[in-house]
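The values are calculated or read from the model by the stated rules, or taken from the named source; none is laboratory data. It should be emphasised that the depicted structure is a prediction, and the values quoted were computed from it without experimental measurement. Every residue, glycine among them, receives a Cβ derived from its backbone with ideal geometry; neighbour counts consider all protein chains shown. Surface areas here come from the heavy atoms of the whole protein model, side chains and all, with no ligands, DNA or RNA. Shrake-Rupley method; radii C 1.70, N 1.55, O 1.52, S 1.80 Å.
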Amino acid sequence: MKKLLFLCAFSLTGFLAEAQVDGSFNNSVNVSAFGIMQVPKIQNNSKKDNYINTSLNAVSLKFNDNQISYRLSGSYINDDIDVMESDNGSGNIQDYSIKMGFEKNFNYGIVQPYFATDLGYRSHEFEGVINAGNSTKVTKHGFTLAPGFGLKLNVLRQLTFYVEGNVEFFYFQNKFENTPPGSTDRSISKNYQSQFLLNPLNTGLQFHFGNNR
């Protein structure tokens, strides 16, 4: 029985050794399966820690160069949320981003920790009802920078599972449009703001292709 278990473990080790642990593929495609992210505040009295769950909302293309990979990514979210501390604020958000960046692996092992940084453009729009029935539309367009850490598990030669988290700095122009209930008078204000957002979890799969050997 012990010999059988040893043979199984040895075979599994050899199988995993064929995974993408040595940079043998030129390119990779990442598909985000599930994540938890913090959305920007709508007003000063919005929820401070308003998190939403995401699924299949992002994809990225990576160009691998040994232990460094350069990546181009895009994401899109369309979701209904509650935005205020009380029950008088809810609406719909549409959020998309286009980023470029890199990730640096710390080793060539089957389990690979890595550091990553992305920067680019983000658009966040909220439309709903807040403050005793006021119709509100808020748009935030601006620059985003998101450093983070992750962990990759190379389960097959052309397939990798990853878990990543980051802290995002979002600097944006904030346009606030507000219409009281029963009125056609709309007030509009604009200003520039910044916010740090914590995105604690993003999990998904990487598919490798373009063997350079």
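Taking the condition of being closer than 26 Å to LEU151 by Cβ and in contact (Cβ under 8 Å) with a residue 60 or more places away in the chain, how many residues in region 89-135 meet it?
The first filter runs over region 89-135 and keeps only residues closer than 26 Å to LEU151 by Cβ, leaving 95, 97-120, 122.
After this cut, where a residue has to be in contact (Cβ under 8 Å) with a residue 60 or more places away in the chain as well, the list is 108-110, 112.
Final tally of qualifying residues: 4.
When the residues of region 63-116 are filtered to those that are among the aromatic types (Phe, Trp, Tyr) and outside any strand (DSSP E or B), which remaining residue is most open to solvent (accessible area, probe 1.4 Å)?
Residue satisfying both the conditions and the ranking: PHE106.
Of the residues ASN178, ASN199, which is assigned to a strand (DSSP E or B), surrounded by 15 or more Cβ atoms within 10 Å (Cβ to Cβ) and touching an Asp or Glu at 6+ places or on another chain (Cβ under 8 Å)? I'd like the intermediate steps shown before the answer.
On the way: ASN178 fails: touching an Asp or Glu at 6+ places or on another chain (Cβ under 8 Å).
Of the residues listed, the single one that is assigned to a strand (DSSP E or B), surrounded by 15 or more Cβ atoms within 10 Å (Cβ to Cβ) and touching an Asp or Glu at 6+ places or on another chain (Cβ under 8 Å) is ASN199.
Could you tell me which of the residues ASN53, ASN57, ASN30 is closer than 29 Å to HIS208 by Cα, open to solvent by 50 Å² or more (accessible area, probe 1.4 Å), modelled with pLDDT of 90 or more and of a type in the set (S, T, N, Q)? Please lay out each step first, then the result.
Numbers: ASN57 fails: open to solvent by 50 Å² or more (accessible area, probe 1.4 Å); ASN30 fails: open to solvent by 50 Å² or more (accessible area, probe 1.4 Å).
Going through ASN53, ASN57, ASN30 in turn, the sole match is ASN53.
On the given criteria, is TYR192 under 20 Å from the mean Cα position of the chain (by Cα), open to solvent by 70 Å² or more (accessible area, probe 1.4 Å) and of a type in the set (Phe, Trp, Tyr)?
On the way: under 20 Å from the mean Cα position of the chain (by Cα): no; open to solvent by 70 Å² or more (accessible area, probe 1.4 Å): yes; of a type in the set (Phe, Trp, Tyr): yes.
Judged against the criteria, TYR192 is not a match.
Of all residues in region 117-171 being of a type in the set (Val, Ile, Thr) and over 17 Å from ASN199 (Cβ atoms), which is surrounded by the fewest Cβ atoms within 10 Å (Cβ to Cβ)? Break it down stepwise before answering.
From region 117-171, those of a type in the set (Val, Ile, Thr) are 117, 129-130, 136, 138-139, 144, 155, 160, 163, 167; that's our starting set.
Among the residues that remain, those that are also over 17 Å from ASN199 (Cβ atoms) are: 129-130, 136, 138-139, 155, 160.
On the way: VAL129: 17, ILE130: 22, THR136: 19, VAL138: 23, THR139: 17, VAL155: 15, THR160: 23.
Step by step, filter region 117-171, then rank; the result is VAL155.
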